[in-house]
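The values are calculated or read from the model by the stated rules, or taken from the named source; none is laboratory data. Predicted model only: the values in this text are computed from it and were never measured. For neighbour counting, all protein chains shown are included, and Cβ atoms are generated from backbone atoms with ideal geometry for every residue, glycine included.
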Amino acid sequence: MLRLSATRCGARLARHLAVRQLDVWGLPYGSAVSDTAATIVAELAANAVTHGRVPGRDFELRVALGPEAVRVEVSDARIERKPPVPADIASPSGDAEAGRGLVLVQALSQAWGVAPREVGKTVWADIARCP
């Protein structure tokens with residue numbers, strides 16, 4: 001688990017650190033898994049610093065290697081009445097300037113979801129190791 005500042009710099013660092021860890025585990029830079037993980041971490045971290053930011057609180061990144069999938073988890077401190085769930089995600093209109101992040105996560109991952117925490121929530125996504 002890594003704790004990162006809830007800033008754009010922290011979100012960018014999360015992406016770099018995630019693909020670096022995958023490379024250490026034998027999933028090299030530029031591979032399908034690495035590129036997919038980079039995109040998903042970028043989207044989830046951007047959401048954490050944009051929508052989940054609580055002043056004075058960081059966000060957390062976890063990347064875990066399983067036999068069939070890589071799990072990415074991004075946690076923030078924002079408490080919401082109704083966090084997003086996969087069934088609620090719909091594509092925005094064609095001219096919308098935002099709203100595609102979780103649609104992209106849904107399209108690229110095997111599965112994803114949201115889990116409550118004592119403070120805040122964790123958004124997770126599983127990425128297949130063999131496309």
message: Just to be sure I understand, how many residues within segment 8-32 are at pLDDT 95 or above and under 14 Å from the mean Cα position of the chain (by Cα)?
response: 8
message: Being surrounded by fewer than 16 Cβ atoms within 10 Å (Cβ to Cβ), free of Cβ contacts under 8 Å to residues at least 12 places away in the same chain and not acidic (Asp, Glu) is the filter here; which residues of segment 18-47 pass it?
response: Arg20, Val24, Gly26, Pro28, Tyr29, Gly30
- prompt: Of all residues in segment 57-96 being more than 26 Å from Ala18 (Cα to Cα) and among the hydroxyl-bearing types (Ser, Thr, Tyr), which is modelled with the highest pLDDT?
  reply: Ser91
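Would you pick out the residues in segment 48-62 that are free of Cβ contacts under 8 Å to residues at least 40 places away in the same chain and either farther than 16 Å from Ala11 by Cα or not in a loop (DSSP other than H, G, I, E, B) (or both)?
Once the filter is applied, which keeps residues that are free of Cβ contacts under 8 Å to residues at least 40 places away in the same chain and either farther than 16 Å from Ala11 by Cα or not in a loop (DSSP other than H, G, I, E, B) (or both), segment 48-62 yields only Thr50.
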For Arg15: the one exception among (1) touching a helix residue (DSSP H, G or I) at 6+ places or on another chain (Cβ under 6 Å); (2) of a type in the set (Lys, Arg); (3) loosely packed, with under 14 Cβ neighbours inside 10 Å: (3)
field: Positions within segment 63-76 being among the aliphatic types (A, V, I, L, M), without any contact (Cβ under 8 Å) to a residue 60 or more places away in the chain and surrounded by 18 or more Cβ atoms within 10 Å (Cβ to Cβ), in sequence order
entry: Val63, Val70, Val72
